[in-house]
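I have placed the structure first, in the form of structure tokens, so that the comments after it can refer back to it.
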Amino acid sequence: MSETVIPINRQYEDSEIQYGACRYCGQMFQIETLTGICSDETLDDAATAKCGCPEAEQEQHAKRRRERATKAISELFQEDEPEAEALLLSGLEHVLAGKIGSVQVQSASGVKGKISENAKGNIKVERNVSQKTIRES
Ligand SMILES: [Zn+2]
């Protein structure tokens with residue numbers, strides 16, 4: 001546990017200054033809160049998001065990866081294929097956890113969606129509309 005506290009400059013007049021600790025290294029940070037007293041868990045989350053220790057940085061990286069992929073899935077599917085969006089978002093958790101390599105869905109209207117992890121560790125989100133025409137007589 002570190003003895004020093006990383007101070008912050010107050011941004012709002014009616015805020016509270018509280019303290020949170022990084023969940024990995026214990027570094028203490030001042031946290032400015034506007035909503036009154038926060039739980040220790042919330043304060044520690046905020047401290048961990050600010051901390052520069054390797055474990056905290058790894059978690060921040062994983063969080064950004066999830067946010068970017070979630071945004072990409074929503075941008076590509078939310079408007080016209082919300083069911084595909086929901087399936088891909090739930091699959092994303094398993095891809096991020098490294099348990100599933102890729103998830104692919106196809107909607108009734110023929111829109112295909114796929115998420116996968118590329119060699120660099122980035123999440124790739126694809127949307128494909130197939131234009132196949134078949135006539136049976
Ligand atoms: Zn830390």
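Quick notes on this structure:
- Taking (1) surrounded by 11 or more Cβ atoms within 10 Å (Cβ to Cβ); (2) within 13 Å of the ligand (Cβ to nearest atom); (3) not aliphatic (A, V, I, L, M) in turn, G91 satisfies each apart from (2).
- Tallying residues that are modelled with pLDDT of 95 or more and either within 8 Å of the ligand (Cβ to nearest atom) or β-branched (V, I, T) (or both) within region 17-46 yields 6.
- Evaluation of E32 against (1) of a type in the set (D, E); (2) assigned by TED's automatic domain parsing to the domain that holds L92; (3) part of a strand (DSSP E or B) (one fails), failing number: (2)
- Checklist (1) buried (at least 16 other Cβ atoms within 10 Å of the Cβ); (2) of a type in the set (D, E, K, R); (3) more than 16 Å from the ligand (Cβ to nearest atom); (4) more than 26 Å from E117 (Cα to Cα) applied to D14, failing item: (1)
- Considering G52, G113, the condition of being free of Cβ contacts under 8 Å to residues at least 24 places away in the same chain and either more than 16 Å from the ligand (Cβ to nearest atom) or within 28 Å of I17 (Cα to Cα) (or both) is satisfied by G52 alone.
- Lone unmet requirement of (1) loosely packed, with under 15 Cβ neighbours inside 10 Å; (2) more than 14 Å from the ligand (Cβ to nearest atom); (3) not in a strand (DSSP E or B) for L76: (1)
- Residue in region 42-64 that is under 30 Å from Q104 (Cα atoms), among the basic types (K, R) and in a helix (DSSP H, G or I) present: yes
- Flag for A84 being away from the ligand (no atom under 16 Å from the Cβ) and surrounded by 14 or more Cβ atoms within 10 Å (Cβ to Cβ): yes
- Among (1) away from the ligand (no atom under 16 Å from the Cβ); (2) among the hydroxyl-bearing types (S, T, Y); (3) touching a Cys at 6+ places or on another chain (Cβ under 7 Å) - the single one T70 does not satisfy: (3)
The values are calculated or read from the model by the stated rules, or taken from the named source; none is laboratory data. All values reported here derive from a predicted model rather than from experimental measurement. Cβ sites come from the backbone with ideal geometry, for glycine too, and all protein chains shown count toward neighbours.
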